[in-house]
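The values are calculated or read from the model by the stated rules, or taken from the named source; none is laboratory data. Note that this is a predicted model, so its numbers are computed, not measured. Cβ coordinates were reconstructed from backbone atoms using ideal geometry, including for glycine residues, and neighbour counts include every protein chain displayed.
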Amino acid sequence: MIVRSLAAAVLSFGLLAAPALAQAPGGYQPPAAAPAGTTATLKTGQGVLQGSRADGVDYFYAIPFAPAPVGDLRWRPPGAPPSWTGERDATKAPPSCQSNEDCLYLNVVRPANAKRGAKLPVIVWIHGSAFRVGQAIGAFGADTEGTEFAKKGVIVVGVNHRLGRAGWFAHPALSREPGLTANYGNMDQIAGLKWVKANIAAFGGDPRKVTAVGESAGAMGILNMMISPEAKGLFQRAVVESGFARTAPTPLADAEATGVRLAEAAGVKGDGPEAAAALRKLPLSALGGAGRIGAPGGPFPVMDGKLYVETVIQGFAAGHEARIPLIIGGNSHEASLVRPTAAMLEAQPAERQAALTKVFGDEKGKAINDFVTVQSITEPDRAIARLHARNGAPMWLYYFSYVPAAETARKPYGAAHVDEVRFVFGQPRASFAAEDLPLSDAMNRYWTNFARTGAPGAVGGVVWPRFDAAKEAQIEFGADGPKVREHLLKDWRDFVEAAAAK
């Protein structure tokens with residue numbers, strides 16, 4: 001009960017406005033174009049791409065993997081990749097789906113001159129978004145196009161997907177149409193992976209050595225794809241960063257009721273083809289915008305019975321997930337996403353306060369932040385690790401707690417949501433102090449090893465052990481570098497797990 005009541009208190013607090021997630025630290029702006037250099041030209045099945053080559057890396061930006069989902073194609077599954085004649089300029093970053101519906105593009109970054117048949121490992125990056133914001137390049141203040149991976153021989157494909165009401169919206173008129181419905185952003189992620197399977201060999205990649213890597217909402221999409229029949233066989237490895245594994249999709253009836261309310265407020269009534277056509281003619285802003293993170297009725301995955309057929313925990317518990325190598329983990333202050341306060345804890349009944357502070361400590365601000373972090377990410381990560389390992393699949397667990405010295409004053413509770421992303425990608429290099437780079441280099445190398453071999457292996461003499469039920473060993477990426485920990489934060493995780501089961 002304490003988990004549900006405190007989670008409800010967090011959600012009713014008036015959460016962090018979604019647009020704030022797009023504001024990167026230090027005024028960072030995503031790159032508008034590939035790094036300047038010589039021309040890189042590649043013939044693909046869709047047509048010829050003219051990209052850019054710099055410092056041993058080829059950049060091909062804004063490759064369309066589906067027709068623009070506008071007009072009559074809004075709220076429909078993504079179609080077949082379009083082709084073109086002549087040379088397509090692939091040096092400019094695609095538009096973000098946050099501000100433009102014509103946004104179904106992906107980016108490919110590879111070692112220069114990688115040849116067809118090279119069979120290089122492939123990382124497919126699905127960015128975090130809160131289902132509202134972000135893009136494949138430069139999400140949350142990190143250059144995520146993949147330069148550092150490419151320098152190590154890994155091809156990186158960054159996939160844009162529909163966001164906000166364009167990405168997640170249900171209405172009875174749409175549900176009556178053939179095909180998948182409601183979860184259009186997730187359909188785009190699957191379409192991007194299908195494009196990789198069909199096309200990555202032309203770039204020198206191996207379609208049988210694809211690692212899906214995602215953060216936050218993107219990580220949630222990967223977890224669902226591991227149990228969804230719609231995504232079977234599209235990737236052979238997965239990395240889930242801050243994946244909210246216990247968070248359930250919205251029931252279809254509830255999502256449809258929200259859609260009806262928004263449609264009627266915009267002047268569209270009924271549930272037949274005429275209503276669907278009228279909805280597609282509306283500006284998305286007429287449907288009320290995305291709202292605040294966690295607010296009822298906001299854009300969120302829907303239990304449609306086709307793409308989402310069960311919750312992630314249910315699927316893993318039943319052994320329905322793909323038995324592929326998996327890395328999962330989160331950060332030490334995931335609660336930064338919602339910013340809970342001591343006052344929220346003090347508003348709870350005395351016995352609930354006492355139960356929580358007994359485990360998490362007497363400093364109420366820290367206690368509520370640690371609790372929300374463990375409730376949302378840290379304990380669910382362990383639950384998934386236990387289930388996946390029990391089902392016989394290769395499993396690795398991590399915990400990211402590193403806070404750069406320059407940020408400790410404003411991050412007293414630990415590493416915030418999304419903080420690990422720039423360390424994984426090793427970019428932008430100018431954002432790291434000298435003392436930060438060894439940890440970033442180690443994380444980038446572990447992820448590279450995983451993409452190559454299906455195991456993170458050893459970096460700097462530190463072997464990342466496979467998770468098992470006996471020791472529950474994992475890696476902590478903290479102030480003293482990568483360190484192996486056994487039963488990390490066991491008391492906190494046990495408390496949340498027991499409360500969640502009530």
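Observations on the structure shown:
- ALA433 in a loop (DSSP other than H, G, I, E, B), touching a helix residue (DSSP H, G or I) at 6+ places or on another chain (Cβ under 8 Å) and either under 18 Å from LEU326 (Cα atoms) or hydrophobic (A, V, I, L, M, F, W, C) (or both): yes
- Residue within the stretch 382-393 that is of a type outside the set (Asp, Glu), surrounded by fewer than 20 Cβ atoms within 10 Å (Cβ to Cβ) and modelled with pLDDT under 95 present: no
- Among all positions in the stretch 357-377, there is at least one residue which is surrounded by 24 or more Cβ atoms within 10 Å (Cβ to Cβ), of a type in the set (D, E, K, R) and under 23 Å from the mean Cα position of the chain (by Cα).
- Yes/no for ARG429 being of a type in the set (D, E, K, R), surrounded by fewer than 16 Cβ atoms within 10 Å (Cβ to Cβ), under 26 Å from THR373 (Cα atoms) and more than 21 Å from the chain's Cα centre (by Cα): no
- If you filter the stretch 105-143 down to residues that are modelled with pLDDT of 95 or more, touching a strand residue (DSSP E or B) at 6+ places or on another chain (Cβ under 6 Å) and more than 19 Å from GLN50 (Cβ to Cβ), you find that the one that is surrounded by the fewest Cβ atoms within 10 Å (Cβ to Cβ) is LYS119.
- Cβ separations smaller than 9 Å between residues 6+ apart or across chains give the following pairs from the stretch 60-76 residues that are under 18 Å from GLY192 (Cβ atoms) and crowded, with 17+ Cβ neighbours inside 10 Å to residues that are modelled with pLDDT under 95 and of a type in the set (A, V, I, L, M, F, W, C): PHE60/ALA34; PHE60/ALA40; TYR61/ALA33; TYR61/ALA34; TYR61/ALA93; TYR61/ILE137; ALA62/ALA93.
- VAL418 being buried (at least 23 other Cβ atoms within 10 Å of the Cβ) and either aliphatic (A, V, I, L, M) or out of contact with any strand residue (DSSP E or B) (no Cβ under 7 Å at 6 or more places or on another chain) (or both): yes
- Only one of the numbered conditions (1) in a loop (DSSP other than H, G, I, E, B); (2) more than 27 Å from PRO299 (Cα to Cα); (3) within 18 Å of the chain's Cα centre (by Cα) is not met by GLY134, and that is (2).
- Scanning the stretch 473-492 for residues being in contact (Cβ under 8 Å) with a residue 60 or more places away in the chain, touching a helix residue (DSSP H, G or I) at 6+ places or on another chain (Cβ under 7 Å) and either surrounded by fewer than 17 Cβ atoms within 10 Å (Cβ to Cβ) or not in a strand (DSSP E or B) (or both) gives a total of 3.
- Residue count for the stretch 364-403 under the criterion of being in a helix (DSSP H, G or I) and of a type outside the set (D, E, K, R): the result is 19.
- Output for the stretch 461-472, where each listed residue is within 23 Å of SER440 (Cβ to Cβ) and either loosely packed, with under 14 Cβ neighbours inside 10 Å or of a type in the set (Val, Ile, Thr) (or both): GLY461, VAL462, VAL463
- Looking only at residues in the stretch 405-427 that are out of contact with any Ser or Thr (no Cβ under 9 Å at 6 or more places or on another chain) and of a type outside the set (A, V, I, L, M), the one that is nearest to ALA245 (Cα to Cα) is PRO412.
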